[in-house]
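Engineer: The structure is given below, and queries will be raised subsequently.
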Amino acid sequence: MVKQDHSYDFRPVTEKDLPTIAGWLAEPHVAEWWDDPRKELAEIRAHISSVSVEPLIVELDGRPIAYLQSYDPHLEDDHPYADQPFGTLGIDLSIGPAELLGIGHGSAIVRQFVEELFEEGAPRVIIDPHPDNGRAIRAYEKAGFRPIGRRRSEYGDVVLMAVDAAEADTEEGD
């Protein structure tokens, strides 16, 4: 399991990161949950200069280990999660190297990043794993997310999960 003292660094994706991300998108554990890698890579490239989506590389001890993106569903026309409270941010995470799966990095990365989003003023953070992605759902639950409903949209069938800043504040006060 991941030691609790791990700290992850989040930095913006650059053009130089795209070959690494392309390699991750080709990994079976990532490809199972993402669309065509060429299409996805083109979208990630477009997000580099986007206002609504922030693409990030997650690093551990200087080593890139995951792709993370944060987005504001209220900045996109007809976004299926625009019904969430104003200020809500959505995130997506994919751990690249297969040997880092199942040892706690997913929940630890998400927990740290969500804390940073709350510090910046986000009232709620959402994430939307596929209903069959039990590993991701368990990791997100460990990070404090709870299911708030099922959705079907252009992103496919998902379990919409949320964690609210007020809940995080309550847990810290316990």
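Engineer: Could you list, in sequence order, the residues of the range 48-59 that are crowded, with 18+ Cβ neighbours inside 10 Å and either closer than 17 Å to Pro19 by Cβ or modelled with pLDDT of 95 or more (or both)?
Structural biologist: Glu54, Pro55, Leu56, Ile57, Val58
Engineer: Additional query: Those residues that are over 17 Å from Gly87 (Cβ atoms) and modelled with pLDDT under 90, I need them from the range 136-174; list them, please.
Structural biologist: Result: Arg152, Ser153, Glu154, Tyr155, Gly156, Thr170, Glu171, Glu172, Gly173, Asp174.
Engineer: Going residue by residue through the range 142-161, is there one that turns out to be within 22 Å of Val30 (Cα to Cα), part of a strand (DSSP E or B) and acidic (Asp, Glu)?
Structural biologist: yes
Engineer: Free of Cβ contacts under 8 Å to residues at least 40 places away in the same chain and polar (S, T, N, Q) - does that describe any residue in the range 153-165?
Structural biologist: Taking the range 153-165 as the starting set, the residues that turn out to be free of Cβ contacts under 8 Å to residues at least 40 places away in the same chain are 156-159, 161.
Checking the rest, the ones that are also polar (S, T, N, Q) come to none.
No; the residues of the range 153-165 include none that is free of Cβ contacts under 8 Å to residues at least 40 places away in the same chain and polar (S, T, N, Q).
Engineer: For Glu27, which of the numbered conditions (1) out of contact with any Pro (no Cβ under 9 Å at 6 or more places or on another chain); (2) under 20 Å from Ala98 (Cβ atoms); (3) acidic (Asp, Glu) fails to hold?
Structural biologist: Going through the list (1) out of contact with any Pro (no Cβ under 9 Å at 6 or more places or on another chain); (2) under 20 Å from Ala98 (Cβ atoms); (3) acidic (Asp, Glu), Glu27 breaks only (1).
Engineer: Starting from residues that are among the charged types (D, E, K, R) and within 17 Å of the chain's Cα centre (by Cα), keep the ones in the range 18-44 and report whichever is surrounded by the most Cβ atoms within 10 Å (Cβ to Cβ).
Structural biologist: Per the criteria, the residue is Glu40.
Engineer: Quick check on the range 87-132: of everything there that is free of Cβ contacts under 8 Å to residues at least 12 places away in the same chain and not in a loop (DSSP other than H, G, I, E, B), which residue is nearest to Pro28 (Cα to Cα)?
Structural biologist: The residue in question is Glu99.
Engineer: Check Ala66, Ala82 and return the single one that is buried (at least 20 other Cβ atoms within 10 Å of the Cβ), among the aliphatic types (A, V, I, L, M) and in contact with an Asp or Glu (Cβ under 9 Å, 6 or more places away or on another chain).
Structural biologist: Numbers: Ala82 fails: buried (at least 20 other Cβ atoms within 10 Å of the Cβ).
Going through Ala66, Ala82 in turn, just one is buried (at least 20 other Cβ atoms within 10 Å of the Cβ), among the aliphatic types (A, V, I, L, M) and in contact with an Asp or Glu (Cβ under 9 Å, 6 or more places away or on another chain): Ala66.
Engineer: Does Arg135 count as basic (Lys, Arg), out of contact with any Ser or Thr (no Cβ under 8 Å at 6 or more places or on another chain) and either assigned to a helix (DSSP H, G or I) or within 23 Å of His47 (Cβ to Cβ) (or both)? Talk me through it step by step, then tell me what you get.
Structural biologist: Numbers: basic (Lys, Arg): yes; out of contact with any Ser or Thr (no Cβ under 8 Å at 6 or more places or on another chain): yes; either assigned to a helix (DSSP H, G or I) or within 23 Å of His47 (Cβ to Cβ) (or both): yes.
The answer is yes for Arg135.
The values are calculated or read from the model by the stated rules, or taken from the named source; none is laboratory data. Source: prediction; values computed, not measured. Heads up, the Cβs are rebuilt from the backbone with ideal geometry, glycines too, and the neighbour counts pull from every protein chain shown.
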